[in-house]
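Worksheet for the structure shown next.
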Amino acid sequence: MNSDGKYYDGKSPVSIPVTCMVTADGLVILRESTDEIIAQWKRENIFQDENHNTAIVLGNKLDKAKIEILNNNITGMLRIGSSEKIVKNGRRFIFKWIGIVVIVCLALWAMIPIATNFIAVRIPYSLEVSATSNMNFDTYFKSCTLNPEQEHALKVYVDFLYPKNKFEKEMPVTFKIGNNPMINALTFPGGRVYIMKGLLDEVKNPQELLGVMGHEIGHVVARDSAGFFVRGTLLASFFGFMTGDFHSSFAVSPQILLSTAALTFDREMEKKADAYAAGRLTMLDVSTSGLRSFFSRLGNESGNFSAPEIMMTHPNFESRLSLIKETYPKSELPIEITSNWKIIKAICK
């Protein structure tokens, strides 16, 4: 009879040729030469010793005895080696794929800002307008109702600043006054700009208002709001991928795009918008002193001149002032600007 294995009692290095009998309770180990029962191992106490790479070795949890299996049918009948390996390999497989998924998700998350900037400037402006045409921004910022005289006055200011070349004529902008007390202005996809009532109350002269409007137009020209449009789409796709909802990966709701569009632009975007505004004012022979005085006043009121810029979404006001060089116009403001100033200031009153 061929041996089923070599038995080690854990006390002596000498092996004993044995035969094995698999029962419902476990394993009966018999001395090959005499069929004498050497040991009886219960199934729940049997384990495979994985310290041996070249042989299948089973152990007993209750003592140091080991058996080197020569007949693979024994482990097959016991299902000891296979079941434990399946569990351990299954765990390794799960942890491996969890790690891969986490790495892929982190990589995708890190790539979203890069992809956003790359894609945004390549989206046709007409597509940006049509894709966001069903987004009702008045849900968030109710615009003031303007009478014809006020509509004309606001249009005079917009037309004075924009557009000034063929490139800009392909990107129309729309200005509204939001009935909101916060001192802020927001640019949304499709060239829609909201100047809040709080900001309109804050500006002291036409130069300040023109500077703020030029800043927001700078965001439109740089396609910054389109970037938030793309980011909303990518984020929706990302979370759709994470949750397995692949339909939502391609069907982005207006609410998601609106919420991302309302996010604050980063410092680099703000610096470029400041530069655009200063350049446009200089080109139109309007002093940048209004833009500078507006930032200076807000900085003094907010008290954040000393705030670390790295912790802010906007450049701090001191930094912004250093980038905007003061210019001295050669002529007065056009009469259509000065004559409509009081009309504009009366909006939302």
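The values are calculated or read from the model by the stated rules, or taken from the named source; none is laboratory data. Since we're looking at a predicted model, the values are computed, not measured. Virtual Cβ from ideal backbone geometry, glycine too; neighbours counted across all protein chains shown.
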Exercise for the section: Only one of these is in contact with an Asp or Glu (Cβ under 7 Å, 6 or more places away or on another chain), part of a helix (DSSP H, G or I) and of a type outside the set (Phe, Trp, Tyr): 193, 156, 230, 129. Name it. Expected result: 156
Handout entry: Matching residues, the range 24-41, being within 16 Å of residue 77 (Cα to Cα) and exposed (fewer than 13 other Cβ atoms within 10 Å of the Cβ)
Key = 24, 25
Practice task
Among what's in the range 171-190 and is part of a strand (DSSP E or B) and not basic (Lys, Arg), pick the residue that is farthest from residue 337 (Cα to Cα).
Solution key: 188
Handout entry: Of residues in the range 122-154 being under 27 Å from residue 345 (Cβ atoms) and small (Gly, Ala, Ser), the one surrounded by the fewest Cβ atoms within 10 Å (Cβ to Cβ)
Key = 143
Practice task
Look at residue 345 and say whether it is modelled with pLDDT under 95 and among the charged types (D, E, K, R).
Solution key: no
Practice task
Evaluate the range 42-56: report whether one residue or more is of a type in the set (A, V, I, L, M, F, W, C), surrounded by 17 or more Cβ atoms within 10 Å (Cβ to Cβ), closer than 18 Å to residue 19 by Cβ and at pLDDT 90 or above.
Solution key: no
